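Down below is the structure, laid out as structure tokens.
Every number here is computed from the coordinates shown, using simple stated rules; none is lab data. Only a predicted model underlies this, so the values are computations on that prediction, with no experimental measurement involved. Positions of Cβ are backbone-derived with ideal geometry, glycine not excepted, and every protein chain shown enters the neighbour counts.
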Amino acid sequence: MINVISKKRYILHLLILMLALALISAGCNELLNQDVAEPDEEAEEPLNEEIPEPVSEPTVPEEGPEPENSDEPSDEPVPHTPDNNDSEEPSLPVISDGDYLLALVTKETTLKSDYVPSDLRTVPEYLSPAYSMQLRADALEQLELLWNAAAYDGVMLKIRSAYRSYNTQKGLFQDYANRYGEEEANRFSARAGQSEHQLGTTVDFGGTSVDLKAAFADTLQGQWLKENAHYFGFAMSYPAGKEHITGYIFEPWHYRYIGIEAAAEWKASGETLREYLETKSQHYD
Ligand SMILES: [Zn+2]
């Protein structure tokens, strides 16, 4: 009898505790909770920056964005100016020429707000773009070869994102910041001027049920790309376990065209794309 009573008491306490946790959790993440897609803890990709359109994927950064203080100091180093205001144009080194295939695009540099790649072309329908999108001529030519080579191997790819303008990126980042908090958004989405997608040489691949998620790495598509993309001049920008170097979570679907020779050199180096590009000359205004 005693055991039964204490067991009931124990269960009652447990229920109260769970209820309290649920309330706290709901209070913190009111918005997010409903779209948490995956149960797995850390991996839960915040579906990265990638979906410009109101695509229906409710991917959410798994752990709710902590209620960051609104005064949050931006974590980016502001090299030149003393003014720390979070203005549109942070005073970061401005990349002189975005058309330069080896331009280093990171959270510590910025492309000009009016930089638009010189030779954008429309991605043809047969590549299965998720919507009408563009890519620079050379990158597109190699993308077509890559896509066909993959298809020949029985691997069907789709294109989830390609060129994104400064303003598109700006809206995208703001949207994520509103939903997840600026700090969390900064881990998987680039601010305007800091996205490789503005270069017109970067592609987000898909074609699986786990597009834009870390699990994409384990799909036929993800594996094929990892092994072959460099033959067509594409490099995976944000590999696993390198967030401390790249500044971004693992994005096995995000590839940037840097030219076939450079991609071969990058692959052989074993370095992250960022480290590799840091060995190349860079030009700032
Ligand atoms: Zn991307």
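Summary of values
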read-out: Placed amide H near TYR284: partners under 5 Å, 5+ positions off or other chain; value: SER96
read-out: ³J(HN,Hα), Karplus 6.51/-1.76/1.60, whole Hz, each residue of the stretch 126-132, x for Gly, Pro; value: 5, 7, 6, x, 5, 6, 5
read-out: Cβ crowding within 10 Å averaged over residues, with 120-127, 180-187 ranked highest first; value: 180-187, 120-127
read-out: Under-5 Å amide H pairs with GLN194, H placed in peptide plane, nonlocal only; value: LEU111
read-out: ³J(HN,Hα), Karplus 6.51/-1.76/1.60, whole Hz, each residue of the stretch 97-105, x for Gly, Pro; value: 9, x, 6, 5, 4, 9, 4, 7, 10
read-out: Built amide H within the under 5 Å cut-off of THR202, gap 5+; value: TYR257
read-out: Karplus (6.51, -1.76, 1.60) ³J(HN,Hα), θ = phi - 60°, over the stretch 144-151, in Hz, Gly and Pro reported as x; value: 5, 5, 4, 4, 5, 5, 5, 4
read-out: Relative contact order of the stretch 172-240, pairs being alpha-carbon contacts under 8 Å that are 6 or more residues apart, as %; value: 14
read-out: Surface/4 estimate of mean projected area, convex hull on alpha-carbon atoms of the stretch 80-277, nm²; value: 10.9
